[in-house]
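K.L.:
Structure in structure tokens, see below.
Taken together, the values in this text are just the output of simple stated rules run on the coordinates, not laboratory data. Only a predicted model underlies this, so the values are computations on that prediction, with no experimental measurement involved. No Cβ is skipped: glycine too gets one built from the backbone with ideal geometry, and neighbour counts run over all protein chains shown.
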Amino acid sequence: MALTLHGGRPGTDYDAAWWRSVFGLLGECFPGLPGGAATAEALGFPWADQTTPFTLSEQGRTVAHVGVLAHPMRLDGRAAVVAGVHAVGTTEAWRRRGLARRLLGEALDWVDERFALAKLHTDLPEVYAPHGFRVVPTHRFRTPPQPPAQVQKRLLQPLRHAADADLLRSLLRLRTPASNRCATADPGWLELTVAALSGALSSGFWHIESHNAIVALGEEAGGALILDVIAPEPPPLAVVMGAAGAADRPVLWSFSPELSCDRAEAIPTPPEAGVLMVRGDWPLGEPFGISPLWEH
């Protein structure tokens, strides 16, 4: 039976029934994704507003999907908008028939007419290498030891308290990118969607009122991983380290911390974290990192 192709139109062009079919597939491929997307929508960031979907369907049932985001970034000190390939999946009964390869070809033809650079994050680089993507090594960063500042911090609960959600959205809109080497510059839709998908919305965002800043924290290798620093102006290094609990456990940055510290040791990102792949002229040659909250 012939499959129906949809692609190249904004996600907002499709109705709710069409998206229910897409989320049925995405829920099969990525359990928890539909719930995370619903959470992000409740915070003001509908999935359909941010993505250009490419799908194949059989009698109205979506059997394969590739999405493309327009991701505003800071790269090598310059503003850039990068195509972000995301949510690539095929239903079990249609796998190993070349559907993902076909959709990636359609999506990348569309991307090449509009973007100089595309990127994605994956555990399966062999799937994307035939399409011109290559792995770019990323790093974590360790800053020199220093006494952390004593800071008062409060865990934000944006899913429970409207004021916390408003504060988080406000600082994301007003933020300075967390790094000039490589950082997201989106006004919140990507970061909060990824946080909703990963569960970080309830446990990761700490507000430091004295510095009008939020430090996003995760865990890696038994220590704290700084996922983001969200503020109009970067707070001092000692403040960030104090928020991370540096006196009690090891702390790594998931991105280049040069705005807070010009001396940091680069450490290769662990393989289990997946890899960044790019297609096009990637401008960065020196060690850099990309936060899990900025991936897709």
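K.L.:
Distance from the Cα centre of the range 172-219 to that of the range 1-76, in angstrom?
P.N.:
If you average the Cα positions of each part, the centres end up 23 Å apart.
K.L.:
Less than 15 Å Cβ to Cβ from T122, Lys/Arg counted +1 and Asp/Glu -1: what total charge do the surrounding residues give?
P.N.:
Overall, the nearby charge balance is 0.
K.L.:
Taking the Cα centre of the range 4-138 as origin, work out the dipole magnitude from +1 charges on Lys and Arg Cβ and -1 charges on Asp and Glu Cβ, in debye rounded to 20.
P.N.:
The dipole of the range 4-138 has a size of about 240 debye.
K.L.:
Pick out which of L159, L252, L201 has the largest mean-square fluctuation in a Gaussian network model of the chain, springs linking Cα atoms closer than 10 Å.
P.N.:
L159
K.L.:
Please tell me the relative contact order of the range 4-138 in percent, rounded to the nearest whole number, where contacts are Cα pairs under 8 Å and at least six residues apart.
P.N.:
It rounds to 22 percent for the range 4-138.
K.L.:
Could you tell me the relative contact order of the chain? Use alpha-carbon pairs under 8 Å, at least six residues apart, and round to a whole percent.
P.N.:
Rounded, it is 22 percent for the chain.
K.L.:
Would you be so kind as to identify which of V68, P187, L259 lies farthest towards the positive end of the dipole of the chain, taking Lys and Arg as +1 and Asp and Glu as -1 on Cβ and the Cα centre as origin?
P.N.:
V68
K.L.:
Let me ask something else about it. DSSP loop GluC sites (Glu not before Pro) in the range 90-182 with at most 14 other Cβ atoms within 10 Å of their Cβ, which ones?
P.N.:
Sparse-neighbourhood loop GluC sites (Glu not before Pro): E113.
K.L.:
Let me ask another. Neighbour counts of other C-beta atoms within 10 Å: give me Y128, Y14 arranged from fewest to most.
P.N.:
By the 10 Å Cβ count, ascending, the order reads Y14, Y128.
K.L.:
Averaging sequence separations of C-alpha pairs under 8 Å and six or more residues apart, then dividing by the length of the range 192-241, give the relative contact order as a whole percent.
P.N.:
Dividing the mean separation by the residue count of the range 192-241 yields 25 percent.
K.L.:
Now, a different point. Placing unit charges on C-beta atoms (Lys and Arg positive, Asp and Glu negative, everything else neutral), compute the dipole magnitude of the chain about its Cα centre in debye, rounded to 20.
P.N.:
Rounded to the nearest 20 debye, it is 160 debye.
K.L.:
If each Cα of the chain is one equal point scatterer, what is log10 of I(q)/I(0) from the Debye formula at q = 0.16 Å⁻¹?
P.N.:
-1.31
K.L.:
Go ahead and set up a Gaussian network model of the chain, Cα springs under 10 Å, then flag whichever of E191, E233, E58 fluctuates most.
P.N.:
E58
K.L.:
Would you mind finding the longest exposed-site-free stretch of the chain, with exposed trypsin sites (Lys or Arg not before Pro) meaning DSSP loop and at most 15 other Cβ atoms within 10 Å?
P.N.:
161-262
K.L.:
Do the sum for the chain: with -39,500 (n - 2.57) for every DSSP H run of n ≥ 4, divided by all residues, what is the mean residue ellipticity at 222 nm, to the nearest 500 deg cm²/dmol?
P.N.:
-7500 deg cm²/dmol
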